[in-house]
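Below you'll find the structure, written out as structure tokens, and then a few comments.
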Amino acid sequence: MKRHGYHWHMLACVALIAIAAFAFRRPEPTPEPPAAPRPQVQATGETREYTLSAAPAPWELRPGLVTDAYAYNGQVPGPEIRVNRGDRLKVTLVNGLDEPTTIHWHGVRVPAGMDGVPMISQDPVPPGGTFVYEFVAPDAGTFFYHSHFNADDQVDRGLYGPFVVEDPAAPAYRDVVLALDDWLLDASGRRLQTSASEKERDIDNELDSVSASAAEASSAGGGHMMDGGMAMGGSMTGGMGMMAHDLPNDINGRFGDLLAVNGKAGSAIAPVALKRGERVRARLINASNAMTHALRASDGRALKIISVDGTDMAVPKAVGTIVLSPAKRFDLLVEDDGKPWTLESVGRKGIMIAFASAGESEAAAEEWKAATLPALPPEIAHRAPDATYAIATDVPMGATEWTLNGKAYDMENPGAPTKIFAKDRWAKVRVKNASPMAHPMHLHGQFVRVIARNGQLIPGAAQEDTVVVRPNETVDLAVFTDNPGDWVLHCHNLEHEENGLMTKFRVQ
Ligand code: C2O
Ligand code: CU
């Protein structure tokens, strides 16, 4: 009896282990969640109207340095557009340029016809033409708008602006928008046509090869984040490879050496005045064509990231250095402690944003709070990707171009979608980077979350719209396909985008 019982027990154990091992290797597919991971928008019934006139305009970057920019309503960045979540936004674009243009609402889940991609969402707006963009703002967060026509040139000349969607349920902090950019000009302010600044580009390669979303780093043990400027030196240079130098500058990306915040450079960068004890939300936007901006506090204080690409994080993530790739947004929670400090560039010179307290004490500020993102469906980590895109460079007929799966995108004739995704599903998209540069990959119309980098799972990653894929890295992305229509996936290094690194996909 005893022996028999023992055997029984053993057998049951072995069977359980076998089942467990089997289940571990081949997880049962869990049913797809039917509902969107974010609540559908509740329209407020309010409508906000703006007119944006795109036209050449002189722009003063600092006293005595004026450049011939392209501007919305005569200013760089363009006017801040601010609505509440659920408000209807109606923006009339007036094209005062002598070339076509469009506006893209970066990171915003707009209807496909409002997305501003030429030959996909709309026809380019001709010189003298107008177009009305109209949609209900679906998500709160820090977004930006920019030209999507000849974007490498038009955005570089100044056609971008902040788009803030407020969440009435979020802590009621005052906020400031800090849009970062770089300019490549001669001493008299004339725009240089070549991307000649190799030094800046090399710094960028180093920053990009270690950068990743801070929210990813929080669960991946911090491996991707630099914790203070000193961490930059060692490991990076070895890994970046020499091939980046072999690429011509005009395809590497345009890097300027004059850095600007909200259209102002050097001592013209406006300080941020805090009230004693106040909490402020600083909305950082990287509007550069190609440049990655790394920033830290002059006194080494921790920077608290509370939002990534427009989505608030339940728990602020404290880091020594933030690394913003092109098109990325981080919101920082700035808490005044009475001591002045500066937010400044790491690895290069130019961004110096002074924070100092002035004025009366405020009533105690509200504590930070935000909802936790729902977990990804567990099966997505193990199943095969629904689509795979491999990034490479190619040199057909002597002219370098960027390719996805061997094909450079044709702006004039995008052709058939390279992938059709079923609507309201979790899709798994794999991006393989076989090139020597990092690529901030941006997906239009839906949010994405990183599942894994080089096969290593990254649990609890943030919700993003632009994800850096480092040299020789493979990144798996989870995409909830809740926005039907034709969209693009592209690199947000705008020289890469305009030289082939883009593809059209469909959600239906
Ligand atoms: Cu901000 Cu398709 O871009
Ligand atoms: Cu790229």
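Details
- Percent of beta bridges antiparallel (DSSP, the range 376-459, rounded to nearest 5): 60
- For the range 334-393: rounded, prolate or oblate by the Cα gyration tensor [a/c cutoff 1.5]: oblate
- Ordering P484, Q456, V431 by Cα displacement along the dipole of the range 431-493 toward the positive end leaves Q456 in first place; charges were set at the Cβ atoms of Lys, Arg (+1) and Asp, Glu (-1).
- Distant alpha-carbon pairs in the range 411-501 (separation over 20 angstrom), percent: 36
- Sequence-distant aspartates and glutamates (8 or more away, or on other chains) whose Cα lies within less than 14 Å of K339: E278, D299
- Packing, taken as the mean count of other beta carbons within 10 Å per residue, orders the peptides 50-61, 304-315 from highest to lowest as 304-315, 50-61.
- Antiparallel content of DSSP bridges confined to the range 400-508, in %, to 5: 90
- Global form of the range 44-134, assessed from the alpha-carbon gyration tensor, a/c cut-off 1.5: oblate
- Stokes-Einstein D (µm²/s) once Rh is taken as the Kirkwood radius of the range 105-174 over alpha-carbon pairs, at 37 °C in 0.692 mPa s: 241
- The alpha-carbon of K90 sits under 15 angstrom from the alpha-carbons of these aspartates and glutamates, leaving out residues fewer than 8 places away in its chain: E46, E49, E80, D115, E134.
- For the pair R48 and S188 in one chain, pulling the backbone fully straight at 0.36 nm per residue adds 46.5 nm over the alpha carbon distance.
- Ordering of 339-350, 428-439, 73-84 by burial proxy (mean other Cβ atoms within 10 Å per residue, highest first): 428-439, 73-84, 339-350
- Whether the range 258-367 is rounded, prolate or oblate, judged on the alpha carbon gyration tensor where a/c under 1.5 counts as rounded: oblate
- When a 1.4 Å probe is rolled over the protein heavy atoms, the share of accessible surface on the range 134-183 that falls to carbon and sulfur comes to 47 percent.
- The distance from the alpha carbon centre of the range 340-392 to that of the range 133-171 is 17 Å, rounded to a whole number.
- Computed about the Cα centre, the dipole magnitude for the range 432-508 is approximately 260 debye when only Lys and Arg (+1) and Asp and Glu (-1) carry charge, each at its Cβ.
- Cross-link partners of K369 among lysines (Cα-Cα below 20 Å; sequence separation of 8 or more within a chain): K304, K317
The values are calculated or read from the model by the stated rules, or taken from the named source; none is laboratory data. Bear in mind that the values here come from a model prediction, so they are computed numbers and not experimental data. Neighbour counts run over all protein chains shown; Cβ positions are idealised from the backbone, glycine included. With ligands, DNA and RNA removed, areas are computed over all heavy atoms of the protein, side chains included. Shrake-Rupley method; radii C 1.70, N 1.55, O 1.52, S 1.80 Å.
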